[in-house]
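Accompanying notes for the structure given below.
The values are calculated or read from the model by the stated rules, or taken from the named source; none is laboratory data. From a predicted model like this one, the values you see are computed outputs, not experimental measurements. Note: ideal-geometry Cβ built from the backbone for every residue, glycine included; neighbour counts use all protein chains shown.
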Amino acid sequence: MLAGTFGLIPRSHPLYTLFSQQLLPVCLVLLLIGTNLRAVVRMGAPALLMMMAGAAGTVLGGLVSYHLYRPWLPAEAWGGIGALTASWTGGSANMIAVKEALNLPDGIIGPLIIVDAAVAYSWMALLIWSSSQQARWDNWVRASTLRQAQDSARTEAVRPEPVEGRTNSIALAAAITLAIALSLAAQWAARRMPVMGSAFSASTWTILLVTTAALLMSLTPLRKLEQAGASRAGTLLLYGLLASIGARADLRSILHTPAFLALGATWILIHGACLLLAGRLARAPLGLIAAASQANIGGTVSAPIVGATFSPQMASLGLLMAIFGNLIGTYIGLATAWMARVLESAPLIR
């Protein structure tokens with residue numbers, strides 16, 4: 001982001017689009033093909049609870065922040081609240097879907113894209129740092145039951161250290177080739193799937209098809225490709241994709257709309273407070289809370305990275321929660337926009 005802002009690298013390049021369209025499906029295959037589905041299913045209910053608590057905190061944070069900063073925001077900012085809620089529940093595609101559904105002007109969306117990048121990645125850095133507090137939090141909330149499930153899942157997971165040598169290199173090449181082939185096949189099939197409004201586009205179908213196919217393959221002997229380092233290769237590609245996303249942001253544009261930045265900071269703090277409260281009541285481990293938060297705020301690209309800083313098993317779980325967020329983000333964003341518009345008639349807090 002800094003390099004793009006100060007002109008050290010271009011903020012617009014065909015390579016960035018290629019990364020978004022082609023790298024993400026390949027990464028999903030490499031990260032998911034070694035998934036221990038039995039462990040993920042066992043942690044399904046707590047994960048869903050944390051994911052929904054994060055979404056509820058995002059909606060509440062957006063509405064409260066909008067009410068607080070409304071005097072300094074431009075007209076039609078209520079729609080921007082819905083668009084950013086869609087992004088912070090699902091992803092950028094959900095934000096664009098809400099923008100088009102509400103016919104929002106670029107003057108509203110432009111600053112929010114900067115807020116999305118600046119606040120979201122700062123939050124991501126804070127979540128990664130919080131991994132150092134994992135044991136302290138888990139002991140405080142007595143997250144023994146979920147902790148035991150994590151430990152059991154980690155024991156059952158087939159994630160040994162990669163074996164060096166010719167056999168390992170061939171297996172890794174086979175895993176990458178399989179991921180590329182599956183990505184291309186999913187994109188071909190997605191173009192032939194029905195488009196249902198703005199929520200289910202060809203990109204949405206591609207992610208769903210790739211994810212489903214990779215999870216099904218994880219039930220077969222292909223899961224052993226993880227021994228060749230499939231998830232490590234996927235993580236490496238994810239870092240490249242993250243860099244291409246950050247390069248497109250211009251941090252200087254936020255100086256023209258400081259109210260949006262203050263709104264975003266207040267918003268994200270309310271989201272975090274709601275998740276911590278829900279995690280305390282549910283005795284959830286900090287890794288699950290952080291993965292759920294990034295699944296909301298970040299999405300499919302960054303949720304696995306945050307999850308992996310706490311536990312390797314959290315990478316696939318964070319990815320699945322983020323995919324779930326993609327499915328509901330547009331609808332939650334539209335509902336939040338409607339509620340924000342209702343708030344326009346409410347008296348301002350003095």
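Worth a mention:
- Residue within segment 294-307 that is farther than 22 Å from Gly34 by Cα, outside any loop (DSSP other than H, G, I, E, B) and of a type outside the set (S, T, N, Q) present: yes
- Contacts under 9 angstrom Cβ, first residue in segment 1-29 being within 18 Å of Asp116 (Cβ to Cβ) and part of a loop (DSSP other than H, G, I, E, B), partner modelled with pLDDT under 80 and of a type in the set (D, E, K, R), 6 or more apart: Met1/Arg248; Met1/Asp250; Arg11/Arg248; Arg11/Asp250; Ser12/Arg248
- Selection from segment 177-218 of residues that are of a type in the set (S, T, N, Q) and at pLDDT below 85: Ser198, Ser201, Ser203, Thr204, Thr206, Thr211, Thr212, Ser218
- Answer residue from segment 78-101, given it is of a type in the set (A, V, I, L, M) and crowded, with 24+ Cβ neighbours inside 10 Å and is modelled with the lowest pLDDT among those: Ala97
Residue-by-condition table, conditions (1) modelled with pLDDT under 85; (2) more than 19 Å from the chain's Cα centre (by Cα):
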| residue | (1), (2) |
| --- | --- |
| Thr5 | yes, yes |
| Arg11 | yes, yes |
| Leu24 | yes, no |
| Leu31 | yes, no |
| Thr35 | yes, no |
| Gly57 | no, no |
| Tyr69 | no, yes |
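- Candidates Ile254, Ile270, Ile245, filtered to the one that is surrounded by fewer than 22 Cβ atoms within 10 Å (Cβ to Cβ) and modelled with pLDDT of 80 or more: Ile270
- Subset of segment 71-101 (residues that are outside any loop (DSSP other than H, G, I, E, B) and under 16 Å from the mean Cα position of the chain (by Cα)): Ala83, Leu84, Thr85, Ala86, Ser87, Trp88, Thr89, Ser92, Ala93, Asn94, Met95, Ile96
- Flag for Leu172 being in contact with a Gly (Cβ under 6 Å, 6 or more places away or on another chain), at pLDDT 75 or above and either exposed (fewer than 14 other Cβ atoms within 10 Å of the Cβ) or not hydroxyl-bearing (Ser, Thr, Tyr) (or both): yes
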